[in-house]
1. Quick check for you: which residues of the range 147-161 have the amide N under 14 Å from the point 7 Å beyond the Cα of residue 387 toward its beta carbon?
2. What residues qualify as long-range amide H neighbours of residue 39, i.e. H under 5 Å apart, gap of 5 or more or another chain, H built at 1.01 Å from N?
3. In the chain, what percent of the accessible surface is made up of carbon and sulfur (1.4 Å probe, ligands and nucleic acids excluded)?
4. How big is D, in µm² s⁻¹, for the range 254-355 by Stokes-Einstein at 4 °C and 1.567 mPa s if Rh is the Kirkwood radius over C-alpha pairs?
5. Please work out the Cα center distance from the range 342-380 to the range 1-48, rounded to the nearest Å.
6. Enter the mean projected area of the convex hull around the alpha-carbon atoms of the range 74-231, in nm², rounded to one decimal.
7. From the backbone phi of the range 205-211, what are the Karplus-calculated ³J(HN,Hα) couplings (6.51 cos²θ - 1.76 cosθ + 1.60, θ = phi - 60°) in whole Hz, Gly and Pro given as x?
8. Under a straight-distance cross-link criterion of Cα-Cα below 27 Å, which lysines are reachable from residue 4, leaving out those fewer than 8 residues away in the same chain?
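The values are calculated or read from the model by the stated rules, or taken from the named source; none is laboratory data. Please read these numbers as outputs of a predicted model, since none were measured by experiment. Note: ideal-geometry Cβ built from the backbone for every residue, glycine included; neighbour counts use all protein chains shown. Surface accessibility is based on the protein's heavy atoms, side chains included, excluding ligands, DNA and RNA. Shrake-Rupley method; radii C 1.70, N 1.55, O 1.52, S 1.80 Å.
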Amino acid sequence: MKEKLKRTNFAKELREDIIGQKVNVAGWIEDIRDIGKIIFLVIRDITGPIQVIVDPEKFSQVRDIPRQSSIILSGTIQRSKAKEMKVELKLEEIGEIYYSKHPLPIDPTGRLESSIDKRLNARALDLRNENVSKLFVIRSHALEIVRQTLREMAFLEVNTPKIIGSASEGGANLFEFDYFKNKAYLAQSPQLYKEQLILALDRVFEIAPYFRAENSNTVRHLTEFYSVDIEGAFLDYYDIMEIMERLIKNVIIGIHNLGYLDFKTNEFVKKAIETKFERLTYQACIQELKENGENVVYGDDLSDLSLRKLGDLHPGFYFITEWPLKLKPFYILENENDHFLSDSFDLQLGYLELISGGSRQYDPHKIRNRLADQGLQPDNFSEHLKVFDWGMPPHAGCGLGLDRLIMSLTGSVNIREVVLYPRDPDRISP
Ligand code: 4AD
Ligand code: MG
């Protein structure tokens with residue numbers, strides 16, 4: 001029996017310094033071009049394309065292989081005559097071929113464009129497009145930088161349950177299901193757990209999916225999204241803003257250094273790392289909106305329209321701080337100087353909200369009152385509130401929408417582009 005070939009090199013490893021060497025490469029066939037005397041095969045793997053030169057005596061072995069079939073082959077590296085590449089492979093032996101069945105649902109080379117719905121229905125194949133897979137390479141690196149940065153600042157990575165018995169944020173956007181004869185919910189956020197954990201673990205972070213039963217069909221909402229949540233004892237909302245600014249700048253610098261962000265086409269990210277993120281109070285935003293002819297009321301939430309206007313006026317990253325307390329969840333601390341306001345912030349990138357955070361209320365009596373004010377049953381939270389009697393220090397934290405961050409850094413217009421298998425009100429498969 002013929003011995004099976006094993007990959008020796010990825011595409012990006014084929015460089016001039018190994019000209020003359022025999023290598024085995026593996027990937028899929030992106031293109032076959034027959035120009036008479038030669039056939040050019042373009043093989044691609046996750047790291048890039050490889051041009052393979054096929055001589056006439058091997059034509060019969062390659063001519064009829066359907067595009068997008070997977071293949072492993074061996075050949076010798078030689079200098080390429082083509083301008084776009086330094087080296088190519090001269091085919092010596094074809095190993096196995098794993099055939100693709102045509103017609104395929106989409107053309108992953110992108111020459112034939114498909115709608116995002118068609119692409120998502122064939123996501124595994126869609127990822128063979130370099131522009132698509134690149135987004136997930138960036139996402140993977142960004143996650144690594146997030147973990148590294150937070151650990152450097154003494155945050156411990158934790159994992160909290162996603163099946164929960166009561167609401168963590170309040171509100172009506174919980175997915176409810178039967179849990180043996182009881183009701184259970186999918187976690188909206190790790191809010192209550194992360195607050196409890198700072199009692200002993202001091203600073204924690206969690207990167208996990210959360211679930212919101214919101215019937216929103218927009219390019220920035222999903223029913224399952226990833227959040228980077230942090231929480232720290234003896235920190236306030238200003239400390240959290242500093243930490244998150246550093247985190248985002250590190251992510252930008254990191255993925256730029258890896259060659260994945262082009263500052264020429266992404267002006268705002270270049271500016272972002274050179275300047276301090278702007279900090280605007282909610283009050284100043286209302287003022288500015290009024291001056292720009294918007295019909296806004298002090299105390300009301302900022303509508304989508306208002307946020308778009310603010311985004312036009314402040315196209316980069318900026319914090320909106322000290323929101324009216326009534327607009328914020330029960331666990332947010334009221335502002336010492338003005339009880340109408342709270343020690344809270346959102347980080348915006350233009351119109352898009354990337355982060356919500358704040359200092360936390362740590363007096364359990366006040367939390368009970370706030371729960372009642374918001375129409376929630378304080379007794380449903382007694383498991384949580386008992387922890388506050390065990391020496392709960394002041395603390396603060398936030399949640400960063402990871403998908404939204406990756407979406408904006410990569411210039412994607414739809415959050416679905418940066419999520420492998422997005423979930424929204426109309427999509428729960430594949
Ligand atoms: O603003 P949110 O709801 O805040 C919380 O969950 C708080 N517990 C955070 C805290 O520690 N105070 O969600 C945090 C972030 C948002 O700013 C947004 O970026 C993202 O999570 N997010 C969503 N992303 C995509 N789809 C959705 N449906 C999202 N909901 C929130
Ligand atoms: Mg928010």
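1. 158-161, by backbone N distance to the label point.
2. Long-range HN contacts for residue 39: 54.
3. Of all accessible area on the chain, carbon and sulfur atoms account for 50 percent.
4. My calculation gives 87 µm²/s for D.
5. Between the Cα centres of the range 342-380 and the range 1-48 lies a distance of 56 Å.
6. 16.5 nm²
7. Computed from phi, the couplings for the range 205-211 are 9, 9, 10, 7, x, 10, 10 Hz.
8. Candidates past the 8-residue exclusion: 12, 22, 58, 90, 101.
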